[in-house]
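Asker: The following block contains the structure, expressed as structure tokens.
The values are calculated or read from the model by the stated rules, or taken from the named source; none is laboratory data. Here the structure is a predicted model, which is why all the values come from computation and not from measurement. Cβ placement follows ideal geometry from the backbone for every residue including glycine, while neighbour counts extend to all protein chains displayed.
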Amino acid sequence: MKTFFSVILFLLSTVLVAQTDQKIYDIINSVSTIRIKSDIKTLAGFGTRHTLSDTVSNTRGIGAARRWIKSEFDSISKDCNNCLEVFYQKNLIKKGTNQRITKDVWVVNVVAIQRGTKYPNRFMMMSGDIDSRVTDPNNYTSDAPGANDNASGMAGTIEAARVLSKYKFENSIIYVGLSGEEQGLFGGQGLAKYAKEEKWDVIGIMNNDMIGNIKGVDGVIDNRTFRIFSEPVPPTETDKQRKSRRFYGGEVDGISRQLARYIHKTVQTYMPEMNPMMVYRLDRFGRGGHHRPFNDAGFAGVRIMEAHENYTQQHQDIREENGIKYGDLVAYVDFDYATKLTAVNAINLASIAWAPPTPSNVKIGGIVEPSVKFKWKKSNDPNILGYKIYWRDTTSPTWDYSRFVGNVDSFLLNGIVIDNFFFGIASVGKNGYESPIVFPSEVFR
Ligand SMILES: [Zn+2]
């Protein structure tokens, strides 16, 4: 009898797992183009948000900008029964730290934490940048509206907080405005260090940097494609891990890459009109972004951004030359596209924040056998429905095959030749949400 019921439960649950959740569609529909437009205009309206700019004025400079961002988070919090913990996280950067720090400066991030009901110390993060610049990176007085770079990412982050603060999540979500990006990724470095010191269990960060341009400098107009940049493996891996990769694989299966695949899949499921493009590199060629300091600290992190950039509208003095208009102006931002990319973030924040923790101690075995065996540590989370084994051809970017195997801590996958695929395991919650996939870190016989 007991077996009978567990079979029924299993069948029911597989049906549930396959379903999509209406709440995710509600989240997509709640992201407001009007609010995003208004926030980008407000941010661009501070004249310059250069990291070294004025901090005293209430209308111009980075001080005014960060106080306004904090006040937005505070008012969102007020509307949700104080569901956000809002604070400044500051780091003093000394003059001469690099050539772009021409005086001592406080690099100030604005952090808003929506505390998880079950895992208050596990964090899924979304970031945008507060600061902007013109042609000369050290010019902190000229107008630098930074409408796309990166008021768009900042506005998206604030909007995601507005939408998701209406829900409760098991894991914590952090919405953060980072500063000092253009001067050398200082805000991200400061917050990643703070996360380590505070022993935050960081699931990952989605860094949004330029999510509002649809017309590339090459003339291509595309309001559906966006890029998810992720590094292959963490820079913090040990020699032992690197050597083991040579024999067992995993060159393209680091934690940031799994986060990228998770986002890719969520978007294909819920926003089929969009065209997520995974890019297998840390960032654009020779360029940087604020996910990197989190990667440096060993955390999963990706950069989300437009697919076609316009360099005449990035880091430029506002001017006209030979008939070309330069400058990062509000007029060039596509607010509908910024809305879509904000929704991309919001649904992934929600999905991960509703999902159980990833399985730990995931081990794989099966040398010279036409099957694969797995072992992992079960979670004692009562929300766990079970575990799902994923696999894919070694040349495929996405986890194309899967099998739900129930609430067990080992499994023998028969008939699948270990040599011919890569494998991973995710936890599945009773609510249907899945954790990111874990690539096995150990081998057993
Ligand atoms: Zn920039």
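Each row is one residue, and each column tells you yes or no for (1) on the phi > 0 side of the Ramachandran plot; (2) crowded, with 18+ Cβ neighbours inside 10 Å; (3) among the aliphatic types (A, V, I, L, M).
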site: Leu385; (1), (2), (3): no, yes, yes
site: Ile389; (1), (2), (3): no, yes, yes
site: Ser396; (1), (2), (3): no, no, no
site: Trp399; (1), (2), (3): no, yes, no
site: Leu412; (1), (2), (3): no, no, yes
site: Ile418; (1), (2), (3): no, yes, yes
site: Phe421; (1), (2), (3): no, yes, no
site: Val428; (1), (2), (3): no, yes, yes
site: Asn431; (1), (2), (3): no, no, no
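Asker: What number of residues within region 350-379 are surrounded by fewer than 18 Cβ atoms within 10 Å (Cβ to Cβ), under 27 Å from the mean Cα position of the chain (by Cα) and modelled with pLDDT under 95?
Answerer: Counting residues in region 350-379 that are surrounded by fewer than 18 Cβ atoms within 10 Å (Cβ to Cβ), under 27 Å from the mean Cα position of the chain (by Cα) and modelled with pLDDT under 95 gives 1.
Asker: Only one of Arg162, Arg133, Arg122 is in a strand (DSSP E or B), basic (Lys, Arg) and not assigned by TED's automatic domain parsing to the domain that holds Asn431; which?
Answerer: From the options Arg162, Arg133, Arg122, the qualifying one is Arg122.
Asker: So Lys103 passes all but one of these: (1) within 22 Å of Ala195 (Cα to Cα); (2) basic (Lys, Arg); (3) in contact with a Lys or Arg (Cβ under 8 Å, 6 or more places away or on another chain). Which condition number does it fail?
Answerer: Going through the list (1) within 22 Å of Ala195 (Cα to Cα); (2) basic (Lys, Arg); (3) in contact with a Lys or Arg (Cβ under 8 Å, 6 or more places away or on another chain), Lys103 breaks only (1).
Asker: Any idea which residue in region 27-44 is nearest to Ser165 (Cα to Cα), counting only those that are touching a residue at least 40 places away in the same chain (Cβ under 8 Å), surrounded by fewer than 24 Cβ atoms within 10 Å (Cβ to Cβ) and of a type outside the set (A, V, I, L, M, F, W, C)?
Answerer: Here the residue is Ser30.
Asker: Under the condition of being out of contact with any strand residue (DSSP E or B) (no Cβ under 7 Å at 6 or more places or on another chain) and free of Cβ contacts under 8 Å to residues at least 12 places away in the same chain, which residue from region 269-319 is farthest from the ligand (Cβ to nearest atom)?
Answerer: Within region 269-319, the match that is farthest from the ligand (Cβ to nearest atom) is Pro272.
Asker: Assuming Gln183 fulfils every condition listed in (1) within 16 Å of the ligand (Cβ to nearest atom); (2) without any contact (Cβ under 8 Å) to a residue 40 or more places away in the chain apart from one, which condition is it?
Answerer: Tallying (1) within 16 Å of the ligand (Cβ to nearest atom); (2) without any contact (Cβ under 8 Å) to a residue 40 or more places away in the chain, Gln183 fails exactly one: (2).
Asker: Also: Name the residues in region 136-150 that are within 14 Å of the ligand (Cβ to nearest atom), outside any strand (DSSP E or B) and in contact with a Gly (Cβ under 8 Å, 6 or more places away or on another chain), would you?
Answerer: If the condition is that a residue be within 14 Å of the ligand (Cβ to nearest atom), outside any strand (DSSP E or B) and in contact with a Gly (Cβ under 8 Å, 6 or more places away or on another chain), then Pro145, Ala147, Asn148, Asn150 are the ones that fit.
Asker: Still on this model: Please determine whether any residue of region 212-227 is within 16 Å of the ligand (Cβ to nearest atom) and within 21 Å of Lys41 (Cα to Cα).
Answerer: Checked region 212-227: at least one residue is within 16 Å of the ligand (Cβ to nearest atom) and within 21 Å of Lys41 (Cα to Cα).
Asker: With respect to Arg115, is the statement that it is of a type in the set (Lys, Arg) and buried (at least 18 other Cβ atoms within 10 Å of the Cβ) true?
Answerer: It is false that Arg115 is of a type in the set (Lys, Arg) and buried (at least 18 other Cβ atoms within 10 Å of the Cβ).
Asker: I need every pair where a residue in region 225-240 that is farther than 25 Å from Asn345 by Cα and surrounded by fewer than 18 Cβ atoms within 10 Å (Cβ to Cβ) has its Cβ under 9 Å from the Cβ of a residue that is charged (D, E, K, R) and at pLDDT below 95, sequence separation at least 6 or different chains.
Answerer: Glu237/Arg245
Asker: Limited to region 397-439, what total is found for residues that are within 16 Å of Lys373 (Cα to Cα) and in contact with a helix residue (DSSP H, G or I) (Cβ under 8 Å, 6 or more places away or on another chain)?
Answerer: Qualifying residue count, region 397-439: 5.
Asker: May I pose another question? Can you list residue pairs whose Cβ atoms sit under 6 Å apart, with the first residue in region 123-151 being among the basic types (Lys, Arg) and the second being more than 9 Å from the ligand (Cβ to nearest atom)? Count only pairs 6 or more apart in sequence or on different chains.
Answerer: Correct list of pairs: Arg133/His50; Arg133/Ala144.
Asker: Among (1) assigned to a helix (DSSP H, G or I); (2) more than 25 Å from Ser435 (Cβ to Cβ), where does Ala195 come up short?
Answerer: (2)
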